[in-house]
1. Give the residues of the stretch 5-19 that are among the aliphatic types (A, V, I, L, M) and open to solvent by less than 50 Å² (accessible area, probe 1.4 Å), sorted by residue number.
2. Being at pLDDT 85 or above, of a type in the set (Phe, Trp, Tyr) and assigned to a helix (DSSP H, G or I) is the requirement here; does Phe121 meet it?
3. Can you name the residue in the stretch 20-58 that is of a type in the set (A, V, I, L, M) and at pLDDT below 85 and is also most open to solvent (accessible area, probe 1.4 Å) among such residues?
4. Among the numbered conditions (1) open to solvent by 30 Å² or more (accessible area, probe 1.4 Å); (2) touching a helix residue (DSSP H, G or I) at 6+ places or on another chain (Cβ under 6 Å); (3) at pLDDT below 85, tell me where Ile191 comes up short.
Amino acid sequence: MLSVILFTITSFIIGLSGAMAPGPLLTVTVSDSIQGGFRAGPLLVTGHILGEAILVVLIFMGMGYLLSSESASSFIGIAGGSVLIWTGIRGLRSGDETLGDIEAGGSVLRGAVISFSNPYFFIWWGAVGAALMYSGVELAGAAGLAGFLVGHWSSDLAWYSLVSFLSSRGSFDTSGKVYRAIMVVCNGFLIMVGAYFFVNALI
């Protein structure tokens, strides 16, 4: 039992180091939380976790090597990059509008789509995530796997909930210059990251 607890804590720390890295999901969490309030973060990360659950199943079906293959990375880079560019442009065009009450289903789906748009999401799970999963199984079977998933998903939920809370605490006039500048930066970042994924996949 102690070994499972320690493995869960280790998985939390490793997951947190990845969750805290700047990326599309973090950017969307900030912008959506400013517009729609705190619960945007937990809803977005719920979609992210559901996407990861699908990858866990695929890895156990023996498809982990496909997730980190060069062909899969190229395909995901082109498709995902296109989605991120479209998301950023759409965000810039609607930057003066507020989300109002966050719709749970839409935000969960948005979290999953943003995650699947990132080729490094698949590369990490095909390599690091799969290795940690199998380590947990070797350590304590189903309990070890559960320990990894609980630790990893808790890190995602904790970090993005904190980011969402801090972002939603600011007093932003949604028609003001500060709000507009934040939306331009966030959506501009999505466009640049999307372009990087797209071009890198073609090289």
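The values are calculated or read from the model by the stated rules, or taken from the named source; none is laboratory data. Predicted model, so just to flag it, every value in this text is computed and none were measured. FYI the Cβ positions are ideal-geometry reconstructions off the backbone, even for glycines, and counts take in every protein chain you see. Heads up: the accessible areas ignore ligands, DNA and RNA and are worked out on the full protein's heavy atoms, side chains in. Shrake-Rupley method; radii C 1.70, N 1.55, O 1.52, S 1.80 Å.
1. Going residue by residue through the stretch 5-19, those that are among the aliphatic types (A, V, I, L, M) are 5-6, 9, 13-14, 16, 19.
Once the filter is applied, which keeps residues that are among the aliphatic types (A, V, I, L, M) and open to solvent by less than 50 Å² (accessible area, probe 1.4 Å), the stretch 5-19 yields Leu16, Ala19.
2. Values: at pLDDT 85 or above: yes; of a type in the set (Phe, Trp, Tyr): yes; assigned to a helix (DSSP H, G or I): yes.
Taking the combined requirement at face value, the residue satisfies it.
3. Going residue by residue through the stretch 20-58, those that are of a type in the set (A, V, I, L, M) are 20-21, 25-26, 28, 30, 34, 40, 43-45, 49-50, 53-58.
Filter again for at pLDDT below 85, leaving 20-21, 34.
Values: Met20: 91, Ala21: 48, Ile34: 25 Å².
Only one residue tops the list, namely Met20.
4. With respect to (1) open to solvent by 30 Å² or more (accessible area, probe 1.4 Å); (2) touching a helix residue (DSSP H, G or I) at 6+ places or on another chain (Cβ under 6 Å); (3) at pLDDT below 85, Ile191 is out only on (3).
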